[in-house]
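Computed from the coordinates by the stated procedures, all read-outs in this text should not be read as laboratory data. Given the structure is predicted, the values throughout are model-derived calculations rather than measurements. Please note: Cβ atoms are built from the backbone with ideal geometry, for glycine as well, and neighbour counts cover all protein chains shown.
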Amino acid sequence: MTDADDLSDLRVTADYQFGAGAGDALFPPDDDLTIRRSSSGRPSQVHAAAGRLVTYTTDGRFTLGTAGGRRLADALAAPAARVVVGDESEPFVRDGKNVFAKFVAEVDPAVRPDDEVLVVHEEGDLLAVGRAELGADAMRDFDTGMAVKVRHGVGE
């Protein structure tokens, strides 16, 4: 397969995982993207000039880099794929610390455990990307426990 074929397939996967429009936001056809491949030739990471957009895992899902998180935050209408936190936890999350349920102000109702999410401030600024540990209902209801395992903070 060529890079163009792989990017077409990766766009479809992104649309499925994050919602319509995510594929074009992450991998615009006119952007100069670099696909890093595993030893078998399978796409494993996609990079742009701003940095790593995504890692394509062996289970067929993406994990986001901060560059990919920024692209999704700009392209997807709130609250899609977002967990919102306030001023109290903003500096910690920005530095890559995990998000705890008691600090979640809002969350996309479609978020399920193990979903890749954007952690944003109440004002809309991207703070981090990570993996949801709880579903949306649990994030809203719980006063204890980890809500999002932060993979990368934007201040790191």
Prolate/oblate/rounded call for region 77-153, Cα gyration tensor, a/c under 1.5 rounded: rounded
Kirkwood Rh, angstrom, the chain [1 / mean 1/r, Cα pairs]: 15.6 Å
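Among the trypsin sites (Lys or Arg not before Pro) within region 75-132, which fall in a DSSP loop and have no more than 15 other Cβ atoms within 10 Å of their own Cβ?
The qualifying sites are Lys97.
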For region 3-74, what does the relative contact order come out to in percent, with C-alpha contacts under 8 Å and a separation of six or more? 22 percent
Helix-only mean residue ellipticity at 222 nm for the chain, each DSSP H run of n ≥ 4 adding -39500 (n - 2.57), per residue, nearest 500: -7500 deg cm²/dmol
Which whole-number percent of Cα pairs in region 3-74 have a distance greater than 13 Å? 61 percent
Rounding to the nearest 10 and keeping the result within 0 to 90°, find how far the Cα-based axis of helix 66-75 lies from the longest principal axis of the chain. 80 degrees
Neighbour cut-off at most 11 other Cβ (10 Å), DSSP loop, GluC sites (Glu not before Pro), region 62-132: Glu88, Glu123
Given the options Thr13, Thr34, Thr63, state which has the largest fluctuation in a GNM of the chain using a 10 Å cut-off (strictly under) for Cα springs. Thr34
With the 8 Å Cα cutoff and a minimum separation of six or more residues, region 77-153 has a relative contact order in percent of 36 percent
Rounded to the nearest 10 degrees, what's the angle between the helix 3-18 long axis and the longest principal axis of the chain, both from Cα atoms, 0 to 90? 20 degrees
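Run the numbers on the chain and let me know its relative contact order in percent, using alpha-carbon pairs under 8 Å that are six or more apart.
18 percent
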